[in-house]
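For reference, the structure is listed below as structure tokens.
The values are calculated or read from the model by the stated rules, or taken from the named source; none is laboratory data. None of the values given here were measured: they were computed from a predicted structure. Note that we place each Cβ from the backbone using ideal geometry, even for glycine, and neighbour counts take in every protein chain shown.
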Amino acid sequence: MAFNDIISGNFFWRQNRLQLFYLIVLVLFIMLSIWLSHISDERARYTNKLIRENRKLKSEYVSLKSKLMKKQLRSEVYKKVKDRGFIIPKRRPYKIVTEE
Amino acid sequence: MKKGNITTRTTVMLMLIIVGALLILLQLFRIQYIDGTYYRSLAEKYSIKEFKVPANRGNIYSADDKLLAVTVPLYKVAFDPQVAKEYVFNQNLPALAKGLSSILGESENYWRTRLKKARKKGSRYVLIAKNIDFSQFEKLKKLPLFNLGRYKGGFIFESQPARIYPFGNMLRRTIGVARSDIKFGLEGAYHKILEGKDGKRLKQKINSRTWKPINNFNETEPVEGKDLETTIRMDFQDIAHQALSEQLTKFNADHGTVIIMEVKTGAIKAMVNLGRNENGNYVEKYNYAVGEKYEPGSLMKTFTYLTFFEDEKIDTSDIVHFQPAGFQYYDRIIKDSHEHEKPGMRVSEALALSSNIVTVKLTDSFYRSHPKRFIDKWIDMGINKKTGFEIKGEPEPLLPYPSKDIKKWKPIQLGMISFGYEVMLTPLQILTLYNAIANNGTKMKPYLVQKIKHNNKTIKKIPPEVLEKHMASKENIKKIQKLLRKVVKEGTARNINSPYVKIAGKTGTSQTEYWTSNKQYIASFAGYFPADKPEYSMIVVIHKPDKSMGYYGNVVAGKVFQKIAEEINGIVPREFIVKNEK
């Protein structure tokens, strides 16, 4: 195929008939390529968003768990309940274990 | 105008245009071909970049699944007061100041004045808070004006990953730190396991804020750090921390330490190190338990009597006669803390009442001509050996060895060593020895990490390690166990004889800075509980209590031991087995 044929678009013509099928396939491929590129960009943005969200949620979890752990400390619980007549147990508790 | 002039001018103009065009073409040729490689690499450099994929540092957990150290983002929040319009700023300022005051402290007026001044001065960056956690950040983000965002409200923030310790100062020295300039504690000892390995990923810039990965995979995958599960029980740690802190405050002492160990395994269940800071508060400032050796005084008498029994020099019921006023030993007079009424006592009483006179007299009479036999026995028991604890900073114990060289060994040292002077050990090394007595003579290696985990699955279990199967004969260990119980029942520590839990142990009151005019004391108590079936061993050491308030081991350290032992007794259940009959 000569250079002039490509420039003038003659390669779309064979035996005086327009090769529409090839033209459509070519356009479809171009559109598919653009679409996939957009999807890829979208995924990248979505992944970054999820990573940020994951960090936020982890941070929130640790922040809440830290507060809860501190509140669960025996000394903290005792401070809250000692005025209500609760005392620190010193006698050994029993754990009932059943055996077959 | 002449025709010739016009033709000349047109030709000149044409020539200039052609020259200009040629210059542009030449420049294009230079950019495309001569400097093409350089510009192409420059374009690649700015649009494709290698990003570090940071590995998550592993967490540190307690044995009861509490988070001791974790990496999370911390936030720095700032404010640009010039961004909001005048009426928006003025309208929202009171509510913003109120919110800031309730979240970060300071008065509403403080915030209102500060932000107003900054706007007036034309300042574009006012630091609001740094190193705040997620929950505080979320609250700040929702405040009036801040909720309008960066471009309408002037809310600026950045986040940085930071290592946080949810229990604050508690256990701080044991957990430690791993920075590029300093590493200590568990963070330092297990840095290689915790840190993981960063990965790499190539990304392409797709807009000013977003970089898109070139491939669907990382060029180098990050290797996440592993988690550590320690042997620490936070309920024990809390009890010990509070008890020591209260006693240090009560006696206005300089510093102190408590270590609790599981008898059968050597697992450390709590390790508290509190020292007074410049504000007079007690905080974890140095790991005294691991790194500070001192002359333990009477705590070492336990091993002196064990040596007598091992060498079959004497038995518990034998009676020793002495001068109650004191025992002349070389150029010194050895005295007891309280003068005894009778000039004789049984060996069992000598240990229970912690008699310096009897201890030195017996040591001198048995080993004066063969001091090496005595010291060799202590070496056999491992008193001169490090425990090999995983945290850095454990010093070598000091135990002088008899020598003919007067610079290395003076004969008086034998007697001094027998009651705990001239010999130096750390609290952890002493506890390891007492734990061996509680464990019928088997010396266990103290340890802090019991599991290495990844994604909640155990990948390595660290088993207990035996340092010495038999520190002494079982028979003699039993004798010492009985004597240690007697110390608490009838001896120097009868003030801590608990009705709830049987305690066995030994008091120690040693002098320090005795070479100065201001002699100070170190009060110690080492032992275990329950005495008849030992589960936990413990040592309490308190340095430099206020002498006017008390300094004896039984009062200053013993009371802390009793409090901790009783409270732990109240939470560790005893199994009550019920037969289920069908």
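Restricting attention to segment B:42-72, report how many residues are among the charged types (D, E, K, R) and modelled with pLDDT under 90.
Narrowing segment B:42-72 to residues among the charged types (D, E, K, R): B:44-45, B:49-50, B:52, B:57, B:64-66.
The next check asks that each one be modelled with pLDDT under 90; those that pass are B:44-45, B:49-50, B:52.
Residues flagged as among the charged types (D, E, K, R) and modelled with pLDDT under 90 within segment B:42-72 amount to 5.
Could you tell me whether segment B:354-374 includes any residue that is in a loop (DSSP other than H, G, I, E, B), in contact with a His (Cβ under 8 Å, 6 or more places away or on another chain) and buried (at least 21 other Cβ atoms within 10 Å of the Cβ)? Spell out how you get there, then give the answer.
Looking only at segment B:354-374, we keep the residues that are in a loop (DSSP other than H, G, I, E, B), and these are B:354-355, B:368-370.
Keeping just the survivors that are in contact with a His (Cβ under 8 Å, 6 or more places away or on another chain) gives B:355.
Imposing the further condition that a residue be buried (at least 21 other Cβ atoms within 10 Å of the Cβ) reduces the set to B:355.
The answer is yes, given that some residue of segment B:354-374 is in a loop (DSSP other than H, G, I, E, B), in contact with a His (Cβ under 8 Å, 6 or more places away or on another chain) and buried (at least 21 other Cβ atoms within 10 Å of the Cβ).
Conditions (1) among the hydrophobic types (A, V, I, L, M, F, W, C); (2) at pLDDT below 80; (3) under 30 Å from B:E567 (Cα atoms), marked per residue:
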{"position": "B:L186", "(1), (2), (3)": "yes, no, yes"}
{"position": "B:I193", "(1), (2), (3)": "yes, no, no"}
{"position": "B:R209", "(1), (2), (3)": "no, yes, no"}
{"position": "B:K212", "(1), (2), (3)": "no, yes, no"}
{"position": "B:E219", "(1), (2), (3)": "no, yes, no"}
{"position": "B:T230", "(1), (2), (3)": "no, no, yes"}
{"position": "B:D235", "(1), (2), (3)": "no, no, yes"}
{"position": "B:D238", "(1), (2), (3)": "no, no, yes"}
{"position": "B:H241", "(1), (2), (3)": "no, no, yes"}
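I'd like the full set of residues that are surrounded by 11 or more Cβ atoms within 10 Å (Cβ to Cβ) and of a type in the set (G, A, S), limited to segment A:65-98.
Within segment A:65-98, A:S66, A:S75 qualify.
Going through B:F146, B:F134, B:F167 one at a time, which residue ends up being touching a helix residue (DSSP H, G or I) at 6+ places or on another chain (Cβ under 8 Å) and at pLDDT below 90? It would help to see each step written out before you state the result.
Working: B:F146 fails: at pLDDT below 90; B:F167 fails: at pLDDT below 90.
Among B:F146, B:F134, B:F167, only B:F134 is touching a helix residue (DSSP H, G or I) at 6+ places or on another chain (Cβ under 8 Å) and at pLDDT below 90.
Please work out which one of (1) touching a strand residue (DSSP E or B) at 6+ places or on another chain (Cβ under 8 Å); (2) at pLDDT 90 or above; (3) farther than 29 Å from A:K71 by Cα is the condition B:V88 fails and give its number.
If we test B:V88 against (1) touching a strand residue (DSSP E or B) at 6+ places or on another chain (Cβ under 8 Å); (2) at pLDDT 90 or above; (3) farther than 29 Å from A:K71 by Cα, just (1) comes out false.
Can you give me the ranges of the helices (runs of 4 or more DSSP H) entirely in segment B:223-322 with at least 1 residues that are closer than 30 Å to B:I462 by Cβ, in contact with a Gly (Cβ under 6 Å, 6 or more places away or on another chain) and assigned by TED's automatic domain parsing to the domain that holds B:T512?
Details: elements: B:234-250, B:288-291, B:301-310.
The qualifying helices (runs of 4 or more DSSP H) are B:234-250, B:288-291.
Which residue out of B:E341, B:E310 is acidic (D, E), modelled with pLDDT of 95 or more and either farther than 30 Å from B:E490 by Cβ or over 36 Å from the mean Cα position of the chain (by Cα) (or both)?
Details: B:E341 fails: modelled with pLDDT of 95 or more.
Answer to the check: B:E310.
For residues that are part of a loop (DSSP other than H, G, I, E, B) and more than 14 Å from every other protein chain (Cβ to nearest Cβ), tally how many sit in segment B:123-139. Walk me through it before giving the result.
Quick first cut of segment B:123-139, residues part of a loop (DSSP other than H, G, I, E, B) only: B:123-125, B:133.
Filter again for more than 14 Å from every other protein chain (Cβ to nearest Cβ), leaving B:123-125.
Selection size over segment B:123-139: 3.
Looking at segment B:74-113, which of its residues are outside any helix (DSSP H, G or I) and surrounded by fewer than 19 Cβ atoms within 10 Å (Cβ to Cβ)?
B:K76, B:A78, B:D80, B:Q82, B:K85, B:G105, B:E106, B:S107
Please give the number of the condition B:Q27 fails out of (1) within 30 Å of B:K205 (Cα to Cα); (2) surrounded by 10 or more Cβ atoms within 10 Å (Cβ to Cβ); (3) modelled with pLDDT under 90.
(3)
Here are B:I571, B:I577: which of them is free of Cβ contacts under 8 Å to residues at least 12 places away in the same chain, touching an Asp or Glu at 6+ places or on another chain (Cβ under 7 Å), within 14 Å of chain A (Cβ to nearest Cβ) and surrounded by fewer than 24 Cβ atoms within 10 Å (Cβ to Cβ)?
Details: B:I571 fails: free of Cβ contacts under 8 Å to residues at least 12 places away in the same chain.
Exactly one of B:I571, B:I577 is free of Cβ contacts under 8 Å to residues at least 12 places away in the same chain, touching an Asp or Glu at 6+ places or on another chain (Cβ under 7 Å), within 14 Å of chain A (Cβ to nearest Cβ) and surrounded by fewer than 24 Cβ atoms within 10 Å (Cβ to Cβ), namely B:I577.
Of (1) away from chain A (no Cβ under 14 Å); (2) more than 14 Å from B:A523 (Cβ to Cβ), B:D238 satisfies all except one. Which?
Against the list (1) away from chain A (no Cβ under 14 Å); (2) more than 14 Å from B:A523 (Cβ to Cβ), B:D238 comes up short only on (1).
Given the conditions (1) on the phi > 0 side of the Ramachandran plot; (2) modelled with pLDDT of 85 or more, which single one is not true for A:K65?
All conditions are met except number (1).
I'd like the full set of residues that are within 11 Å of another protein chain (Cβ to nearest Cβ) and of a type in the set (A, V, I, L, M, F, W, C), limited to segment B:41-68.
Listed by number, the residues that qualify are B:V53, B:L67, B:L68.
Limited to segment A:43-70, what total is found for residues that are of a type in the set (D, E) and either at the interface with another protein chain (Cβ under 7 Å from one of its Cβ atoms) or touching a helix residue (DSSP H, G or I) at 6+ places or on another chain (Cβ under 8 Å) (or both)? Steps first, please.
Restricting attention to segment A:43-70, the residues satisfying the condition of being of a type in the set (D, E) are A:53, A:60.
Subset that is either at the interface with another protein chain (Cβ under 7 Å from one of its Cβ atoms) or touching a helix residue (DSSP H, G or I) at 6+ places or on another chain (Cβ under 8 Å) (or both): A:60.
Selection size over segment A:43-70: 1.
Counting only residues that are within 30 Å of B:Q136 (Cβ to Cβ) and either among the small types (G, A, S) or at the interface with chain B (Cβ under 7 Å from one of its Cβ atoms) (or both), which one in segment A:71-94 is nearest to the chain's Cα centre (by Cα)?
The residue in question is A:L73.
I need the full set of residues from segment B:516-537 which are more than 25 Å from B:S355 (Cβ to Cβ) and either assigned to a loop (DSSP other than H, G, I, E, B) or not assigned by TED's automatic domain parsing to the domain that holds B:Q429 (or both), in order please.
B:T516, B:S517, B:N518, B:P530, B:D532, B:K533, B:P534, B:E535
Would you be able to tell me the number of residues in segment B:380-434 that are farther than 25 Å from B:G185 by Cα and either outside the structural domain of B:A267 (by TED's automatic domain parsing) or not in a loop (DSSP other than H, G, I, E, B) (or both)?
The initial filter retains those residues of segment B:380-434 that are farther than 25 Å from B:G185 by Cα, namely B:380-381, B:399-423.
Now drop any that are not either outside the structural domain of B:A267 (by TED's automatic domain parsing) or not in a loop (DSSP other than H, G, I, E, B) (or both), which leaves B:380-381, B:412-418.
Total satisfying the criteria: 9.
Which one is surrounded by the most Cβ atoms within 10 Å (Cβ to Cβ), of the residues in segment B:140-174 that are assigned to a helix (DSSP H, G or I) and within 14 Å of chain A (Cβ to nearest Cβ)?
Restricting attention to segment B:140-174, the residues satisfying the condition of being assigned to a helix (DSSP H, G or I) are B:140-141, B:146-148, B:150-153, B:172-174.
From the residues that got through so far, the ones that are within 14 Å of chain A (Cβ to nearest Cβ) too are B:140-141.
On the way: B:L140: 23, B:K141: 14.
Only one residue fits best here, namely B:L140.
Sort through B:I459, B:I503, B:I437, B:I480 and tell me the only one that's touching a Leu at 6+ places or on another chain (Cβ under 6 Å), touching a residue at least 24 places away in the same chain (Cβ under 8 Å) and either farther than 25 Å from B:G58 by Cβ or not assigned by TED's automatic domain parsing to the domain that holds B:R57 (or both).
Exactly one of B:I459, B:I503, B:I437, B:I480 is touching a Leu at 6+ places or on another chain (Cβ under 6 Å), touching a residue at least 24 places away in the same chain (Cβ under 8 Å) and either farther than 25 Å from B:G58 by Cβ or not assigned by TED's automatic domain parsing to the domain that holds B:R57 (or both), namely B:I480.
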